[in-house]
Every structure is written in structure tokens, then in C-alpha cells.
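For reference, the structure discussed in these notes is given below.
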Amino acid sequence: MIVLMAGLPGTGKSTLARELATRTLGRVLSKDEIRHAIFLPEEIEYSSKQDDFCLQLMLEIAEYLLSRTKTRPVFLDGRPFSRRYQIDNAVNAAASLHQPWRILECVCSEETARRRLARDAEASTHPAGNRDYHLYLEVRFRFEAITRSKTVIDTEQPVETCVQQALRALRSSREV
């Protein structure tokens, strides 16, 4: 299964993806970690073109992982999936691999996202150098509503509540 972790920066996508991967023996593929692994610091540009390239690599890695273990969930993280074409590319890749897909859209209040982004920036815990409140506002401005089937998870709730909601959504997807 391919799981798209969608939502604005700071909404808890990475936290939820990591917890779900632990519980499901799945794998998180992080766009930001992949970007930092393949580009030198002076080559990182945080452009849509570079983001699309990293997502394509993530999909190729997912294909490889799923060819070896078809039942292992792969969580695509680090991209807000704010544009329809980004979701379409991932869903089409899942279809070509004969894999189910699921979209988990993480949401929280603007103030919570701002607080999380500031905390992560202060602690230098996130690999993306452009991940701040300004990016949150920029992505929110151009975010296209997700029209495909999705599960919306309010990450203001306790992590365990979010995980259980996501696990139910993933199980229902397997039955489709």
C-alpha cells in the first residue's frame, strides 16, 4: 500500500507517518531526507522542480520496496500534496504497481502549526531549511482541495488517537 501523508507544514505528517510505520512494519520515505542525501547543500533549491524530482525518486524506491514485500505499507512524507497533479502522480504510480493507496490529510489549527514549526526550527530537528511559518502561509495560499478519497486527521488530538484513526483508514483501504 502507498500512503500519501498530505497537509500543510507543521500539521504532524512526519510524526504520524513515523508512528504508523512502527506499528505496521511499514517504511517512511521522506522527501526532505532524500533531497539531503542526493544534493549537496549548495544544490538544494526547494523548488517545485526539485520537489517533483524527489517525489519521483520516492515512487521508484516504493516500487522497489513493494516488489520485495507487497504487503508493506510505504508512507510518502515531506510533501504537502498541495497540488492535484502531485496526488495524481502518486495514485497513478500505485495503480501501475497494483497497490492500494490511501491519503491521510493531517490538519491542525494555524497557531498549533506555527508553534510546531517554531519549536522544530529552534531545535534544528527538521532537515528542510525552508520549513517555517512563511512556508506554511505560502503552501496554504496555493493548496488545492483534495478531491480524492481521504481521511482527515485532526492532529490536535493525542498521537494515539490519531494513530488509531489512521490505522482504521488503512485497514479499510486493504479491504477495497
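The values are calculated or read from the model by the stated rules, or taken from the named source; none is laboratory data. Just so we're clear, the structure is a prediction, and the values are computed from it rather than from any experiment. Backbone-built Cβ (ideal geometry, glycine too); neighbour counts: all protein chains shown. Surface accessibility is based on the protein's heavy atoms, side chains included, excluding ligands, DNA and RNA. Shrake-Rupley method; radii C 1.70, N 1.55, O 1.52, S 1.80 Å.
At a glance:
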| quantity | calculated |
| --- | --- |
| Those residues of segment 44-58 which are among the aliphatic types (A, V, I, L, M) and in contact (Cβ under 8 Å) with a residue 40 or more places away in the chain, in sequence order | Ile44 |
| Residue tally, condition of a type in the set (S, T, N, Q) and either under 11 Å from the mean Cα position of the chain (by Cα) or open to solvent by less than 10 Å² (accessible area, probe 1.4 Å) (or both), over segment 4-29 | 3 |
| Where Lys49 falls short, out of the listed (1) outside any loop (DSSP other than H, G, I, E, B); (2) at pLDDT below 95; (3) under 12 Å from the mean Cα position of the chain (by Cα) | (3) |
| Filter pass, Leu135 being more than 18 Å from the chain's Cα centre (by Cα) and at pLDDT below 95 | no |
| Any hit, segment 110-122, residues being modelled with pLDDT of 90 or more, under 17 Å from the mean Cα position of the chain (by Cα) and among the β-branched types (Val, Ile, Thr) | no |
| Elements of type strands (runs of 3 or more DSSP E) in segment 66-176, at least 2 residues being open to solvent by 20 Å² or more (accessible area, probe 1.4 Å) and in contact (Cβ under 8 Å) with a residue 24 or more places away in the chain | 101-107, 151-154 |
| Inter-residue pairs, beta-carbon under 6 Å, first part of a strand (DSSP E or B) and in segment 18-43, second of a type in the set (Val, Ile, Thr), 6+ apart | Arg27/Val74; Leu29/Ile61 |
